[in-house]
Structures are given as structure tokens and as C-alpha cells.
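The values are calculated or read from the model by the stated rules, or taken from the named source; none is laboratory data. From a predicted model like this one, the values you see are computed outputs, not experimental measurements. Please note: Cβ atoms are built from the backbone with ideal geometry, for glycine as well, and neighbour counts cover all protein chains shown. Ligands, DNA and RNA are stripped out before the accessible areas are found, and what is left, the full protein with its side chains, is counted by its heavy atoms. Shrake-Rupley method; radii C 1.70, N 1.55, O 1.52, S 1.80 Å.
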Amino acid sequence: ADEGEGGEESAHELRISKIHNGTVIDHIAGGHAPDVLAILGIDSATDEVVSIGMNVPSDRLGHKDVVKIEGRELSQDEVEVISLVAPAASINIIREYDVIEKNRVERPSTVEGVLSCPNRNCITTEDEPVATRFEVLDDGVRCLYCGTIIRRRLTDHIDV
Ligand code: CTP
Ligand code: ZN
């Protein structure tokens, strides 16, 4: 992972520092880094060490966004929801500066947790903690408990 040549970045083009340990979410479609950050619960109040590249040139995508988070590995639930807003993303796990694992996200048939149901009467929004589960549709997600469909702006429905 450190050949110096090849890949999408040469020494001249490196825009964001390499990270030591943590996760690089690469090949996010241009403009969607903020959606990925929202899914991960990273906002202006965060104290995590995060680097964000937006609309950086990419051989494969033309332009792409990149999010690098020092010292954090993502849960499977987080990766599955990220796949809905960034279907071409790759998740790179970094240890001691090396990419030790690289996975393309896959579109799941259901997602659990992370998103919240907008229906106030849904069992998942009552005091008893019931984790949310949504079926993934072509153009949104549907709550498996109450049938409510979220079609637009998924990231307005993050469970925090
Ligand atoms: N990266 C990083 N810190 C490291 C190692 C890698 O931030 N210590 C980043 C790279 O900048 C790149 C991504 O992690 O955005 C994947 O690294 P690598 O596999 O080395 O790059 P490519 O070969 O370009 O990856 P791909 O084939 O997935 O495009
Ligand atoms: Zn519901």
C-alpha cells in the first residue's frame, strides 16, 4: 500500500495526510462526505480526529469525497447504512499506516440501527429500546415494524 506510484494519488497530489490507525472511507460520490459524517454521528461537536476531502479528482469517479477517521473502526450496521448514500465507497482499515483490509460496500437487503423511524407511534420510538430495522427499497427504506417509508434525505433520520 506504499508503492509511491499508482493508485489515485501521487506524491504531488496528496491532499490529506495518511492516517496512523483508523478507517478511510474512499470513493464516496462527490458531495456526499457530509452524509457519511452524519451517519457516523460526527458533527461540529466531535472531538474525533477527522479529515475530509470533497470533490477531489479521481480516476475512477471523476471526482470523489474521502473521509479519514483516526482511531476508529466502523460497525457493520454503520457500513451498511453508508452503502445507501455512497454505493461505490471502499472502506480501508489502517493499522500502523498500512491498509490491512479494503472492502467495497455492498447494498444490504435490510439495515439495522443507525436510522430512526419518523413515525412517533412506531414501537421503535417508544421508551422501550427496540432497535430499528428497515427494508432497503430502490428509492428509500421501509420500517419493518410500522411500514413507514423514508424516501428522501435519509440523513435527516439518524438515530443519535
Ligand atoms: N490511506 C491513508 N492513510 C494510510 C494509508 C492509506 O489515508 N496510512 C488512504 C489513501 O490515501 C487512500 C486509501 O487510504 O485514499 C486507500 O489507500 P491505498 O489502498 O493505498 O490507495 P489506492 O491503491 O489508491 O486505493 P484504491 O485502489 O482503493 O483506489
Ligand atoms: Zn417504524
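General remarks:
- Residue in the stretch 71-88 that is closer than 26 Å to residue 157 by Cα, within 9 Å of ligand 1 (Cβ to nearest atom) and not aromatic (Phe, Trp, Tyr) present: no
- Flag for residue 43 being free of Cβ contacts under 8 Å to residues at least 12 places away in the same chain, more than 16 Å from residue 158 (Cβ to Cβ) and either open to solvent by 50 Å² or more (accessible area, probe 1.4 Å) or part of a loop (DSSP other than H, G, I, E, B) (or both): no
- Residues of the stretch 136-147 satisfying the condition of being within 18 Å of the chain's Cα centre (by Cα) and within 12 Å of ligand 2 (Cβ to nearest atom): 141
- Scanning the stretch 142-156 for residues that are open to solvent by less than 40 Å² (accessible area, probe 1.4 Å) and modelled with pLDDT of 95 or more, we see that the one that is nearest to residue 39 (Cα to Cα) is 150.
- Residue 128 vs. criteria open to solvent by 60 Å² or more (accessible area, probe 1.4 Å) and farther than 20 Å from residue 40 by Cα: yes
- Residue in the stretch 105-122 that is within 24 Å of residue 33 (Cβ to Cβ), open to solvent by 30 Å² or more (accessible area, probe 1.4 Å) and hydrophobic (A, V, I, L, M, F, W, C) present: no
- Some residue of the stretch 148-159 being in a loop (DSSP other than H, G, I, E, B) and near ligand 2 (Cβ under 9 Å from one of its atoms): yes
- Qualifying residue in the stretch 52-64 (condition: within 13 Å of the chain's Cα centre (by Cα) and farther than 23 Å from residue 135 by Cβ): yes
- Tabulated pairs, the stretch 48-62, first farther than 12 Å from residue 37 by Cβ, second assigned to a strand (DSSP E or B) and open to solvent by 40 Å² or more (accessible area, probe 1.4 Å), C-beta under 9 angstrom, 6+ apart or interchain: 49/70; 55/63; 56/63; 57/63; 61/29
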